[in-house]
């Protein structure tokens, strides 16, 4: 072991490990530390450092930043910090020099084969079983002419997916070494291109702690970061700590070449360090009182994330770290946007109280480097703050949870949902109309990673989470699902026909509604989680994409593919760009109907609705029948408007290929009425006559 004394003072900026003229500059923030060491290691499993750099509090400290420039450090060098200071939980201090800490600004992470999360929560040295940071020169990659795509939101269809789960199944058709990796995902881009989605929203890819799960299980979703600048090592086919960075960049470049944007689901609301009993991995050991929102007694953590701790997001140091992280992923990793998990936590001050004008939200929105990126907020948190329709900012889009709930309720046949369906289909003017914003403020979805898949939504009344080892207590109980008459899989042809129809109904509403549609991975081929609505710890076939379903449910895949293509061809979405929702609804020509023309039934016991909208080239007529009997709907006359006869594009009650017909191939309707089957959606078009 060499104690290095002859080092340069270094500088406080930039934070992290960065190459400079004389070596590598290291800089970290710690306001109340008394002593800081940088320790270097030769291998991830090493418990004893090969070099130690002791930082002098007089020479190597500027204000609250500890720094040094160390010579002879090569790219890939493993390192960590030991930070000594008061261990006074009652005052909010949790310094522990026996714990090796990850660099909060580290760009790469090495994980020992015997990594042990619990060792960081127990007394004693944990270096041999701790994650270690790795030095990385971020300039060591050639992007060529790659740039973020900046596709307008009104031409966007989002596909929410799990990097590993998409290709981890043995039948994925990916070579074993690449299953569940960024490289494996590249091989499946042609599938996504054929489906027609324009953006993938990747579940968390920041380095996370996969041991934060019940005994014997793995944290699969990754909503427990340990680093905000590092791609998850477990998703790399290259075991080298730097391999994940290059492989992630290769993946982004490949998506861009296919004209598909990459949106990251980012977790800046909490970390994997958990509550007061959790491990000391990084932030807690550097400056606990700055990084986290603490209870009044300072020994405990406020828990607005539901996971044990809450980042103090509006603290100046944390704000800067989050903003620096976002800039890094845009500038250095070329991602196109972000979906912010539990974004309402960004609205809370250091005491957890909501702020009128949260600094962090405005920092992100007004950052010129982030100006062209997509910003999507999950506008609620686990502490009860619900801000759908009231999230601060001028350009943030929002996950519309009310769209999910109201469309589910309407399709399953709940009473009183007709007015809500109309509002949700038109981008929720009752929620967003007052803000004078564009229709795309509403990110519409029926399902997401959290909850039932679309197949399970029509297959189960109850959650079946026994595999999670929490006695089925975890997960939502309010699923707004309906099993169509039998709990679980069945060979009954009538139930199966109804389930397929309900799935098509939900896809049709989601993909044709104003706003931005988002699909969940595998919903296009009836992926199932066997009724598990909280599969966060199921890194197995419960969660993985089963590629045999693509052939088994090829007809549904074709239906969804055609729906996406149809949506992206419609001028109504293109014309809405730059137009506020209020103005769009005022200028658009909507006529509301029930079974009789111009007589919509908005009543509590109504289960059906129809409306006509005028486009550039004719009329569209949409009929929604959630009633359990067929209903005969009058159709608007077309002859006096110099339009062709009505043609059926979609009827979800029909068997393929009649359920979706391209406009040029659709047969004209003869009758002035259309008999809509029970629980069905119909879309008709009448074009301007030649």
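Read-outs: derived from the displayed coordinates by stated rules, not from any lab. Please read all numbers here as calculations on a predicted model, not as lab measurements. All Cβ positions, even for glycine, are placed from backbone atoms using ideal geometry, and neighbour counts span all protein chains on display.
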Pair residue 50, residue 316: separation of 7 Å Cα→Cβ label points (nm): 3.9
Ranked packing of 626-639, 268-281, most packed first, by mean Cβ within 10 Å: 268-281, 626-639
For segment 2-134, alpha-carbon Rg over 2.2 N^0.38 Å: 1.00
Listed peptides 339-351, 358-370, 136-148, 214-226 by packing density, highest first (mean Cβ within 10 Å): 339-351, 214-226, 358-370, 136-148
Exposure proxy ranking, count of Cβ atoms within 10 Å, fewest first, for 34, 518: 34, 518
Theoretical FRET efficiency, 1/(1+(r/R0)^6), r = Cβ-Cβ of residue 88 and residue 601, R0 60 Å, to 0.05: 0.35
Antiparallel content of DSSP bridges confined to segment 313-434, in %, to 5: 25
Inter-site label distance for residue 663 and residue 551 at 7 Å from Cα along Cβ, in nm: 3.6
Volume per residue of the C-alpha convex hull in the chain, rounded to whole Å³: 154
Span from the segment 642-667 Cα centroid across to the segment 326-382 one, whole angstrom: 43
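Write down the Kirkwood hydrodynamic radius of segment 589-687, to one decimal in angstroms, obtained as one divided by the mean of 1/r over all alpha carbon pairs.
13.6
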Spin-label model distance (nm) - residue 589 vs residue 351, 7 Å beyond Cα toward Cβ: 5.8
Sorted by Cβ neighbour density within 10 Å, fewest at the top, the residues 113, 501, 561: 113, 561, 501
Difference of contour (0.36 nm per residue) and Cα-Cα distance, residue 125 to residue 461: 116.1 nm
Rounded to 5, percent antiparallel among DSSP beta bridges of segment 154-575: 20
Computed lengthening from residue 11 to residue 569, 0.36 nm per intervening residue step minus Cα-Cα distance: 195.4 nm
Exposure proxy order (Cβ contacts within 10 Å, fewest to most) of 616, 107, 249: 616, 249, 107
Within the chain, helix-based [θ] at 222 nm, where runs of 4 or more DSSP H residues each add -39,500 (n - 2.57), nearest 500: -6000 deg cm²/dmol
R0 of 51 Å, Cβ-Cβ distance residue 672-residue 471: FRET efficiency to nearest 0.05: 0.30
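So in segment 156-288, what percent of DSSP beta bridges are antiparallel if you round to the nearest 5?
The antiparallel proportion sits near 20 percent.
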Segment 198-286 - Kirkwood radius from inverse mean 1/r over Cα pairs (Å): 14.3
Degrees, to the nearest 10: 401-412 long Cα axis against longest axis of the chain: 40
Cβ-derived FRET efficiency at R0 35 Å, residue 142 paired with residue 43, nearest 0.05: 0.75
Per-selection Rg to Rh, segment 61-108 - Cα, Kirkwood hydrodynamic radius: 1.03
Folded to 0 to 90 degrees: helix 243-257 orientation relative to the chain principal axis, Cα: 30
Whole-Å distance, taken between Cα centres, linking segment 1-63 and segment 475-490: 56
Rounded to 10°, Cα long-axis angle of helix 554-569 versus longest principal axis of the chain: 90
